[in-house]
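Structure, as structure tokens:
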Amino acid sequence: MTDLDRATLLDQLLRYVKDELAGGVDPELITADSQLLELGVLDSVRTARLLAHIRSEYGTRIPPLYMTGEHFRTLETITDLILLLRSQTASI
């Protein structure tokens, strides 16, 4: 996987969530800083789909330690988590 800049990654995640995970939520309400859990965008099934997408598209596995409401609060926090995990993997 090539290096992604933060803006590109955030844009790709936003597009994926709007297109694939919005469910009954108006996609126009979903922004980079929307509270995904409170808005009802993420539930257990959609979170599992998002984790699978992150693993397949970005080659990043999210360890259980990081599967918290804090890390999955917004697309901004998810983007930061992916970049953090990728940098940790790259430095090993």
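Every number here is computed from the coordinates shown, using simple stated rules; none is lab data. This is a predicted model, so every value here is computed, not measured. Positions of Cβ are backbone-derived with ideal geometry, glycine not excepted, and every protein chain shown enters the neighbour counts.
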Mind giving me the nanometre distance, one decimal, between the label points for D5 and D80, set 7 Å out from Cα along Cα→Cβ?
-> 2.0
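Pull out the extension gain between A52 and E28, defined as 0.36 nm times the separation in residues minus the alpha carbon to alpha carbon distance; nm, one decimal. Present the calculation step by step, with values, prior to reporting the outcome.
On the way: separation 24, 0.36 × 24 = 8.64 nm, distance 2.39 nm.
Fully extending the segment from A52 to E28 adds 6.3 nm.
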Rounded to the nearest 10 degrees, what's the angle between the helix 6-16 long axis and the longest principal axis of the chain, both from Cα atoms, 0 to 90?
-> 40
Taking N as its residue count, the alpha carbon Rg of the range 1-46 over 2.2 N^0.38 Å = 1.20
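Taking the Cα centre of the chain as origin, sum charge times position over the Cβ atoms of Lys and Arg (+1) and Asp and Glu (-1), and report the length of that vector in debye to the nearest 20.
Numbers: 9 positive and 14 negative charges, 81 e Å.
That gives the chain a dipole magnitude of about 380 debye.
Please state the relative contact order of the chain as a whole percent: Cα pairs under 8 Å, 6+ residues apart? Walk me through the numbers before you get to the answer.
Details: 67 pairs, mean separation 30.7, N = 92.
Reported relative contact order: 33 percent.
With only alpha-carbon pairs counted, each pair once and no self-pairs, how large is the Kirkwood hydrodynamic radius of the range 26-82 in angstroms? Mind showing how you got there, number by number?
On the way: mean 1/r = 0.0862 Å⁻¹.
By the Kirkwood definition, the hydrodynamic radius is 11.6 Å.
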Pairing the Cα long axis of helix 44-58 with the longest principal axis of the chain, what angle in degrees results, from 0 to 90 and rounded to the nearest 10?
-> 40
